[in-house]
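Novice: After the structure tokens below, expect a handful of questions from me.
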Amino acid sequence: MIITNGKIVTWGPDSQILEGQDLIIKDGLIASIVPSSSYETANEERVDACGQLVMPGNMCAHTHYYGAFSRGWGYPGEPAANFVEILQRLWWRLDKALSPQAVKYSALVCLVDAIKYGTTTLFDHHASPSCIDGSLDIEHDAMVEAGLRGSLCYEVTDRDGPQKALAGIRENARFIERVTKGQADPKLRAHFGLHASLTLSDETLKACIEANPCQAGYHVHAAEGIADEEDALEKYGKRVIARYKALGMLGPKTILAHGVHCNQDEIEMIAESGAWLSHQPRSNMNNAVGVAPIPAMLESGVKVCLGNDGFSNAMWSEMQAAYFIHKDHRQDPRTMGGYDVMKMAIQNNSQLTSETFGGLRIGVIEPGAAADIILVDYQTITPLHAGNLAWHILFGFRDGMVSSTMVDGKWLMRDRRLLTLDEAEIAAKAREIAAETWNSID
């Protein structure tokens with residue numbers, strides 16, 4: 001395939017916006033970037049980008065497909081007064097009600113969302129206590145149907161008793177083995193999922209470590225709410241990150257989600273371990289858990305990525321939220337510059353994804369990189385160049401501007417028409433299953 005007549009945004013360390021260049025794609029990879037019309041062959045499909053931006057697809061470092069059916073559900077009683085009550089009244093009731101069909105369609109509606117908004121790689125963190133065994137296979141098959149790239153895990157927790165905790169451990173171990181043996185789609189990887197310190201005993205965490213001999217990275221919530229830190233101090237005499245470190249869970253493959261209440265000692269532990277920290281500003285604002293110390297983390301060398309925690313897969317909206325909330329929180333307009341946001345959302349997400357996929361370059365446009373690409377119909381009203389692209393994204397990009405989405409060299413959407421998923425059919429089935437799910441909630 002040859003993509004021509006576009007403005008190619010390369011990202012990467014020496015990001016450029018290239019005009020008058022064609023993008024050559026072969027076998028799921030970017031084969032080369034050549035001067036326009038210099039590569040002629042009768043065997044290749046030619047795609048006219050019509051002057052649009054040709055960019056790497058966005059990546060999401062932490063999400064929850066299982067939460068899709070929360071949209072519009074009003075749980076009875078008084079509103080939750082704090083984060084623990086939100087977990088108890090909303091999430092821990094919704095996830096327990098998910099059937100195999102609900103797991104499938106929760107994933108599919110999120111994947112429709114991702115394709116439409118140009119998010120081509122997602123790191124999902126799944127929970128369905130009444131449907132644990134095989135749940136990651138259900139998500140795997142939905143990802144294959146959609147054609148997207150990602151990593152899956154199951155959320156182990158003690159909140160539903162030891163047998164459910166053991167089932168979650170087995171589900172992670174089984175799916176990790178499936179991926180390790182090459183029996184999963186090559187666009188899918190696995191992490192070992194854990195809920196959070198406040199719902200995991202030392203015994204359960206040690207069992208998880210024993211069940212993970214290949215040392216797949218852990219994907220776990222960390223200090224999202226202050227209750228997580230208070231619980232760890234009361235029960236174990238350590239703060240959350242220190243507890244994870246003592247158990248041997250920190251490392252360059254582990255993803256820590258949130259870190260809102262990490263102190264400086266914990267920040268330095270994360271940096272020293274090489275673990276990833278995923279920031280989800282929209283979710284943190286919605287749950288009123290506080291503002292994560294992201295500027296301090298970046299200054300300390302923590303590899304901060306950007307996720308969405310199950311909000312829409314419109315990652316430009318997440319970037320914009322990150323840009324604004326930290327300025328407001330510190331009452332300092334110098335806080336969280338555009339380059340800081342791009343470091344999280346583009347550079348670090350790209351590095352996390354590339355390392356997860358064994359060194360395959362993802363999130364850049366360069367020869368040998370994965371052909372995970374979006375076309376963006378952005379009509380700039382001011383000059384656009386590599387040096388100011390961040391501020392065009394933060395102040396000019398809107399989610400509906402993605403016109404086409406490609407993963408692994410295959411179009412998933414062309415000219416805003418989905419090619420792998422039937423949105424209307426999926427939405428109709430999801431409405432039916434969501435209603436059944438709501439009616440089954442205790």
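The values are calculated or read from the model by the stated rules, or taken from the named source; none is laboratory data. Note that the structure is predicted; figures quoted are calculated from it, not measured. Methodologically, a virtual Cβ is constructed for each residue, glycine included, from the backbone with ideal geometry; neighbour enumeration extends over all protein chains shown. Note: accessible area is taken over every heavy atom of the protein model, side chains too, but ligands, DNA and RNA are not part of it. Shrake-Rupley method; radii C 1.70, N 1.55, O 1.52, S 1.80 Å.
Novice: Mind telling me which of the residues Gly6, Gly74, Gly57, Gly12 ends up being of a type in the set (Gly, Ala, Ser) and on the phi > 0 side of the Ramachandran plot?
Specialist: The unique qualifying residue is Gly12.
Novice: Return the total of residues in region 41-56 being surrounded by fewer than 12 Cβ atoms within 10 Å (Cβ to Cβ) and touching a residue at least 60 places away in the same chain (Cβ under 8 Å).
Specialist: Looking only at that region, the number is 0.
Novice: Further question on the same structure: Pull up region 144-161, narrow it to residues that are over 15 Å from Ala211 (Cα atoms) and of a type in the set (Asp, Glu), then point me to the one that is most open to solvent (accessible area, probe 1.4 Å).
Specialist: Across region 144-161, the extreme among qualifying residues is Glu145.
Novice: Let me ask something else. Which of the helices (runs of 4 or more DSSP H) found entirely inside region 334-427 contain at least 2 residues meeting this: more than 15 Å from Ile8 (Cα to Cα) and touching a helix residue (DSSP H, G or I) at 6+ places or on another chain (Cβ under 8 Å)?
Specialist: Counting at least 2 such residues, we get 338-342, 389-395.
Novice: Considering Leu90, Leu94, Leu111, which residue is closer than 25 Å to Leu360 by Cα, outside any loop (DSSP other than H, G, I, E, B) and either open to solvent by less than 30 Å² (accessible area, probe 1.4 Å) or among the aliphatic types (A, V, I, L, M) (or both)?
Specialist: Leu111
Novice: Which fully enclosed strands (runs of 3 or more DSSP E) of region 1-82 have 1 or more residues being farther than 30 Å from Leu98 by Cβ?
Specialist: It comes to 2-4, 7-9, 21-26, 29-35, 46-48, 53-56.
Novice: Which of the residues that make up region 170-210 are of a type in the set (A, V, I, L, M) and either open to solvent by 30 Å² or more (accessible area, probe 1.4 Å) or within 30 Å of Gly147 (Cβ to Cβ) (or both)?
Specialist: Ala173, Ile176, Val179, Ala184, Leu188, Ala190, Leu194, Leu198, Ala207, Ile209, listed by residue number.
Novice: If you don't mind, there's one more thing I want to ask. Being open to solvent by less than 60 Å² (accessible area, probe 1.4 Å) and on the phi > 0 side of the Ramachandran plot, is that true of even one residue in region 383-402?
Specialist: No, region 383-402 contains no residue that is open to solvent by less than 60 Å² (accessible area, probe 1.4 Å) and on the phi > 0 side of the Ramachandran plot.
Novice: Hand me the list of helices (runs of 4 or more DSSP H) wholly inside region 225-304 holding 3 or more residues that are of a type in the set (A, V, I, L, M) and over 23 Å from the mean Cα position of the chain (by Cα).
Specialist: 226-236
Novice: Give just the number: which of (1) open to solvent by 60 Å² or more (accessible area, probe 1.4 Å); (2) within 30 Å of Leu29 (Cα to Cα) does Lys164 not satisfy?
Specialist: (2)
Novice: Among the candidates Gly337, Gly358, Gly368, which residue alone is in contact (Cβ under 8 Å) with a residue 60 or more places away in the chain and not hydrophobic (A, V, I, L, M, F, W, C)?
Specialist: Gly368
Novice: Of all residues in region 114-130, which are polar (S, T, N, Q) and open to solvent by 20 Å² or more (accessible area, probe 1.4 Å)?
Specialist: Ser130 - this is the single residue of region 114-130 that is polar (S, T, N, Q) and open to solvent by 20 Å² or more (accessible area, probe 1.4 Å).
Novice: His219 passes all but one of (1) crowded, with 16+ Cβ neighbours inside 10 Å; (2) free of Cβ contacts under 8 Å to residues at least 60 places away in the same chain; which number fails?
Specialist: Only one criterion in (1) crowded, with 16+ Cβ neighbours inside 10 Å; (2) free of Cβ contacts under 8 Å to residues at least 60 places away in the same chain is unmet by His219, namely (2).
Novice: Can you confirm whether Ile346 is open to solvent by less than 30 Å² (accessible area, probe 1.4 Å), out of contact with any Phe, Trp or Tyr (no Cβ under 9 Å at 6 or more places or on another chain) and at pLDDT 95 or above?
Specialist: So Ile346 does not fit the description; no.
Novice: While we're looking at this one, here's another question. Residue by residue through region 133-175, note down the ones that are among the small types (Gly, Ala, Ser), assigned to a helix (DSSP H, G or I) and either over 21 Å from the mean Cα position of the chain (by Cα) or over 18 Å from Thr420 (Cβ atoms) (or both).
Specialist: Passing the criteria: Ser135, Ala165, Ala167, Gly168, Ala173.
Novice: Another one. Filter region 1-40 down to the residues that are β-branched (Val, Ile, Thr) and without any contact (Cβ under 8 Å) to a residue 24 or more places away in the chain, then identify the one that is farthest from Trp411 (Cα to Cα).
Specialist: Taking the candidates together, the pick is Val34.
Novice: Scan region 59-76 and tell me whether some residue there is free of Cβ contacts under 8 Å to residues at least 60 places away in the same chain, in contact with a Cys (Cβ under 8 Å, 6 or more places away or on another chain) and open to solvent by 30 Å² or more (accessible area, probe 1.4 Å).
Specialist: no
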